[in-house]
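Data first, discussion second: the structure below is written as structure tokens.
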Amino acid sequence: MRVERIDHLGIVAGICREIGLAEYLDALAGPSQQQVSVGTATVAMILNGLGFSNRRLYLVSQFFATKPVEHLLGAGITAEQLHDDCLGRTLDWLHAHDPTTLFAGIARQARQRFGIAARHVHVDTTSFSVTGEYAADLDAHTLAVTYGYSRDHRADLKQWMLALATTRQGDVPLFCQALGGNASDKVSLVGAVEALAEQLRADVDRDEETPIFVADSGLYSAEQVARLSAAGVRLRSVVCPTPPKWRTRHSPSTTRPGSRRTTSSGRLLRKPRRENAGSWSARHRARSGSARRCSGRCRRRAPSGRSSSGI
């Protein structure tokens with residue numbers, strides 16, 4: 001008896017099958033003499049990447065040695081066929097056909113099959129820190145893994161960035177683009193919004209409203225807003241006001257009714273407290289002082305040799 005573990009990979013393979021990932025890539029690749037098609041090999045690498053396996057490419061076949069490969073990838077597919085030559089040629093094909101464009105096409109097909117509307121689209125970037133040395137001389141098609149603004153506060157590590165656009169309904173990704181480690185949000189986000197808006201214009205004819213793009217203040221500037229408005233992009237951005245700490249430290253004194261009063265240096269003026277009011281320690285000191293004064297008077301009035309307390 002042979003035991004094969006499917007774990008969570010059955011759900012992942014089922015989602016890939018529902019969105020038609022392998023069929024979409026195979027239709028673009030055309031006929032091939034490979035035993036494993038480009039689409040099937042891509043699904044295999046997705047399963048391997050989501051299988052909590054951090055191994056080299058030539059060890060992928062060992063990962064599938066204990067998995068029901070035919071149930072996950074299709075009839076006739078074996079673990080021995082998923083060798084590094086097959087997967088390497090698939091990666092070369094994906095790189096040659098622009099992964100950003102391929103991802104957008106697959107996401108569009110998935111959104112249409114699941115009936116997810118793109119009424120509001122959220123756009124942002126994030127960074128991924130890495131260790132090790134990376135070549136400084138790069139061509140136009142290679143990411144610059146270098147130092148930049150780190151979202152995870154690791155300025156000592158090099159990084160690369162990712163621009164991502166998702167729908168508000170279900171957080172379904174629509175656009176994904178890898179960027180260099182020192183990419184600017186004001187440049188990369190505008191390009192991502194323009195590229196995705198051009199793709200979504202084809203869906204407007206199918207009784208869909210023009211999407212509204214939501215971004216943070218990294219996209220907000222007079223030039224960027226004018227550029228996106230000229231392209232017919234509807235934008236909603238959050239304009240960050242002056243930080244509260246900076247405003248408290250540097251703003252002049254405020255005397256409006258009901259507002260906090262501060263000095264020119266930013267110090268908060270507090271109302272003077274009344275003597276012996278509202279404080280337990282103040283009341284305690286008052287009682288103690290009166291008791292001491294009273295006991296002193298009583299001692300002076302008591303006969304010699306005896307105090308008022310009878311001691």
What distance in nm separates the simple spin-label points at residue 209 and residue 7, each placed 7 Å from Cα in the Cβ direction?
4.3
A correct Karplus calculation of ³J(HN,Hα) over segment 172-188, with 6.51 cos²θ - 1.76 cosθ + 1.60, θ = phi - 60°, whole Hz and x for Gly and Pro, returns 7, x, 10, 8, 8, 9, 7, 10, x, x, 10, 5, 9, 5, 5, 9, 6
Using unit Cβ charges (K, R positive; D, E negative) and no other charged atoms, how large, in debye to the nearest 20, is the dipole of segment 99-237 about its Cα centre?
360
Lys, Arg +1 and Asp, Glu -1 on Cβ, resulting dipole of segment 43-138 about Cα centre, debye, nearest 20:
560
If you take the charge dipole of segment 1-52 about its Cα centre, with +1 on Lys and Arg Cβ and -1 on Asp and Glu Cβ, which of 14, 28, 1 is farthest toward its positive end?
1
Under the classification rounded if a/c is under 1.5, otherwise prolate if a/b is larger than b/c and oblate if not, where does segment 1-57 fall, given a ≥ b ≥ c as square roots of the Cα gyration tensor eigenvalues?
prolate
Let me know the charge dipole size of segment 9-96 about its Cα centre in debye, to the nearest 20, where only the beta-carbon of Lys, Arg (+1) and Asp, Glu (-1) is charged.
240
Say R0 is 35 Å: what FRET efficiency, to the nearest 0.05, do residue 229 and residue 28 get from their beta-carbon distance?
0.55
Taking only C-alpha pairs under 8 Å that are 6+ residues apart, what is the relative contact order of segment 99-237 in percent?
26
Just to confirm a number: summing +1 for Lys and Arg and -1 for Asp and Glu over residues other than residue 120 whose beta-carbon lies under 9 angstrom from that of residue 120, what do you get?
+3
Full-extension gain in nm, residue 236 to residue 143, via 0.36 nm per residue minus C-alpha separation
30.5 nm
Residue separation times 0.36 nm, minus the C-alpha to C-alpha distance between residue 50 and residue 126: what's the value?
25.3 nm
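Bear in mind these aren't lab numbers, they're just calculated from the coordinates by the rules spelled out. These numbers come from a predicted model, not from an experiment. Every residue, glycine among them, receives a Cβ derived from its backbone with ideal geometry; neighbour counts consider all protein chains shown.
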